[in-house]
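Just below is one structure, and these are the notes that go with it.
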Amino acid sequence: MAPVTISQLPNELISYILDFLDGPSVFEQRQYDDPANIPSPADPEDKPGCDAMCLDGRRDPFRGTIKSASLVCRLWRRCLLPLLFRNAVWRFQHIARPSERDDPLAVVEELEFLRFLNRAALARFVESLTIIVDYPASEVGQDTGHHANWGILPSHCPAPTRQGPDGLLPASGPASGPSAQCRSNDWLWHTIFRSLDLSTINLVSSPAILASLLGRPINLSGCWIFRQRFHILSLSRPAERRQRQHDAPSPGNSAAPANASPSNGASATVPCSLFSIRPWESMLLNEGSSVKVYTTYEYFHHAPPSLLPALLDSSDASMQPLLRGTLRSFSYVAIFPLATHINDVLIPRVPALERFYIQIVPRAPSFAEDDYRHPAMDISDLWLERNTAYAQLVMAIFDPPPLGSWSSLQYFETGDAIDREAWEQAVRYVIFAAGDTWKVAGEGKFVRRGDKVSLPAF
């Protein structure tokens, strides 16, 4: 029998073979690491939305292999287009807000990547979009002014606060006025989701810029000492549901004016349809490193610049469809957050969930000696805060009866089980306190007994 070349294979078989070139997106692999390590664009010639842009400063080897293969012939290119555009990255520093009369897709220059996807009929292939709002490294820690210079301009003021003699006070200045407080960015979410039916959207920027982008309040009194460059917020849903729901009406698909404002004048929040524009089932928040605060005297008195209180606010009308309806899984990632942040914000406010993941220690095993030591810091404070945070969390979940909404939890995972001594101590405690209702399902994993819960791959 004469040998068969690859060009003679059926198209379906060629497509099946080329699918093996695909791999997870770089962002998906690194969203559990310190966001501060996300570099600026590797090449000034990179265009916003370029799928080759890599978050670790190098070109994505999977994307490079796929691009090379797509140049072989038209058939291969046609087979590989869905893989090439599956994970899109859009980076910008600022966007001029369009007027209410304009179509944002027609007038906003930075939305060229969306226009390209629509022109080339490639929008249907995009499954995830990562939006990175860059700003100069010299401005890290100066969050109170971020909303006025980066993101969508003129911006929504994220209710920054300062420390006054009587406690926390609103920041002074023109950016705190009513005109700055009431600018919704729903026009952006509607524009994106009219073109793309995403299964995942990732937002990456400073805490203040993210708060402004989403129209949520945030306490910025401690930004100067925490000096956190980037936070990550990710919303996702099962990919297999995209096609089934593609034509279904969504609460966020109705037209919205570009500068929609609430009727009550100045406010710390404005309507945000992002949380209801798709039936998101999973949310991840990565708040980066809090290590710098440990270099200050009485570090535990400082409050981190965090979106967590706003994201878990079940009284917020914009958050209710997510928190009370579709959300099933929540992942919280940080590097040595203060125990008070876990105890006062995360534990009492978490909604009813099926799955919860937490990671509050870096994944690199040599971090303490190599990256985080400082002459003004006692390294034992980091471990003390970690131990206190976990003690409070474990008691809230596993001590009968569970605290508040934790009673609905079916699956718990920690990303910090690499510390064998701490993990084994946690196992002994859970077996003692809740051995009748919980069991160990693997390293770092507990699952409720008697419930058939599929173990997610976090």
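Here are a few things to note about the model shown:
- Meets criteria (among the basic types (Lys, Arg), over 19 Å from GLY222 (Cα atoms) and crowded, with 16+ Cβ neighbours inside 10 Å) for ARG386: yes
- Leading residue by the ranking (farthest from ASP416 (Cα to Cα)) among those in the range 352-367 that are among the aliphatic types (A, V, I, L, M), more than 15 Å from the chain's Cα centre (by Cα) and modelled with pLDDT of 90 or more: ALA352
- Set side by side, the residues SER276, SER282, SER289 differ, and just one is polar (S, T, N, Q) and more than 23 Å from PHE230 (Cβ to Cβ), which is SER276.
- Here TYR135 fulfils each of the conditions (1) in contact (Cβ under 8 Å) with a residue 24 or more places away in the chain; (2) not in a loop (DSSP other than H, G, I, E, B) apart from (2).
- Residue match in the range 57-72 (condition: at pLDDT below 80, in contact with a Gly (Cβ under 9 Å, 6 or more places away or on another chain), part of a loop (DSSP other than H, G, I, E, B) and buried (at least 16 other Cβ atoms within 10 Å of the Cβ)): yes
- Lone qualifier among SER179, SER155 - being of a type in the set (Ser, Thr, Tyr), assigned to a loop (DSSP other than H, G, I, E, B) and either modelled with pLDDT under 80 or surrounded by fewer than 21 Cβ atoms within 10 Å (Cβ to Cβ) (or both): SER155
- Filter result (in contact (Cβ under 8 Å) with a residue 12 or more places away in the chain and part of a helix (DSSP H, G or I)) within the range 373-383: ASP381, LEU382
- Filtering PRO10, PRO41, PRO48, PRO35 for residues that are at pLDDT below 55 and either over 29 Å from GLU109 (Cα atoms) or surrounded by 14 or more Cβ atoms within 10 Å (Cβ to Cβ) (or both) leaves a single hit, PRO48.
The values are calculated or read from the model by the stated rules, or taken from the named source; none is laboratory data. The structure displayed is predicted, hence computed values, not measured ones. Every residue, glycine as well, gets a Cβ built from its backbone with ideal geometry; the counts of neighbours run over all protein chains shown.
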